[in-house]
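What follows is a set of notes on a single structure, which appears directly below.
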Amino acid sequence: MIYLARHGRTAYNLERRFQGQRDIPLDETGLGQARDLAQRAAGRGFVALWASPLRRARQTAQAVAAATGLEIRWDERLMETDAGDWTGRAFAEIQAETPEALQAFLDGDPDFAFPGGESFAEQGDRVMAAIADVAQGPQPALVVCHAVSIRLALSLRRGQPGPGAADIVNGALLPLDGDVAAAVEEPPDATATPPG
């Protein structure tokens, strides 16, 4: 079985800014979420740990590795969407300039592509290639990555196009297969934060 976990919170999550593939660290709340996720993961019997190499996922995976004793397998295919021209920009800025484009992103429109960046289809292809490799390895496995990467993996695994509009909170831990709505585990102080 494969489980997916979202990294802890960053300042960009709090400020509602697009992180994309920018290497943003966890904030203090995010570090706490990473420690909480690590404790929850330690009791699951994971035998493999995969992660995006972006700093926010890296810090989260390192907390899990410290709690489980697992070695991390880094995979760039698990990285967040390349947000192109929107990287570093606030959601409110994009809303003021191109509300239709922001809504397409928020709705998880399968045809959405970041201006100057990556499309959901391109990201979906690389994420699912990584998940296929995880599936070929030892199980149960934990994959620490990003909101849109998780949304795409969940949707595409179920034959649905695009990432959909599901909200994956920072520090969430959920199965790739199974009843996702019932299985999402949130840290006690979790609040919804934007993708990234």
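What follows is calculated from the coordinates using simple rules that are stated; it is not laboratory data. Predicted, not measured: the structure shown is a model, and the values here were computed from it. Cβ atoms come from the backbone with ideal geometry, glycine included; neighbour counts cover every protein chain shown.
Listed values for the stretch 149-166 are Karplus-derived 3J(HN,Hα) couplings in whole Hz (6.51 cos²θ - 1.76 cosθ + 1.60, θ = phi - 60°), namely 4, 5, 4, 5, 4, 5, 5, 5, 4, 9, x, 9, x, x, x, x, 10, 4, and x replaces Gly and Pro. Considering only Leu54, Leu37, Leu106, the Gaussian network model of the chain with Cα springs below 10 Å gives its largest mean-square fluctuation to Leu106.
Near the amide H of Leu26, within less than 5 Å, lie no amide hydrogens of residues on another chain or at least 5 residues away, with H placed in the peptide plane. I want to make sure I understand the PRE zone here: with the label point 7 angstrom from the Cα of Ala90 toward its beta carbon, which residues in the stretch 4-38 have backbone N atoms less than 14 Å away? Output list for this probe position: 12-18. Answer with one residue from Phe120, His146, Phe91: the one whose Cα lies farthest towards the positive end of the charge dipole of the chain, charges on Cβ with Lys, Arg +1 and Asp, Glu -1. The Cα lying farthest towards the positive end belongs to His146. As a rough footprinting exposure proxy, the listed residues Thr87, Thr98 were ranked by other beta carbons within 10 Å of their own, and the order from fewest upward is Thr98, Thr87.
Among Leu176, Leu102, Leu49, the largest mean-square fluctuation in a Gaussian network model of the chain (Cα springs under 10 Å) belongs to Leu102. Taking packing as the residue-averaged number of other Cβ atoms within 10 angstrom, the listed peptides 18-26, 124-132, 156-164 run from highest to lowest as 18-26, 124-132, 156-164. Less than 5 angstrom separates the built amide H of Arg73 from those of Leu49, Trp50, Ala51, all sequence-distant by 5 or more or on a different chain. Computed over the chain, the per-residue total of -39500 (n - 2.57) for DSSP H runs of n ≥ 4 gives a 222 nm mean residue ellipticity of -12500 deg cm²/dmol, rounded to 500.
The simple Förster model, with R0 at 22 Å and r as the Cβ-Cβ distance, assigns Leu106 and Ala11 a FRET efficiency of 0.60.
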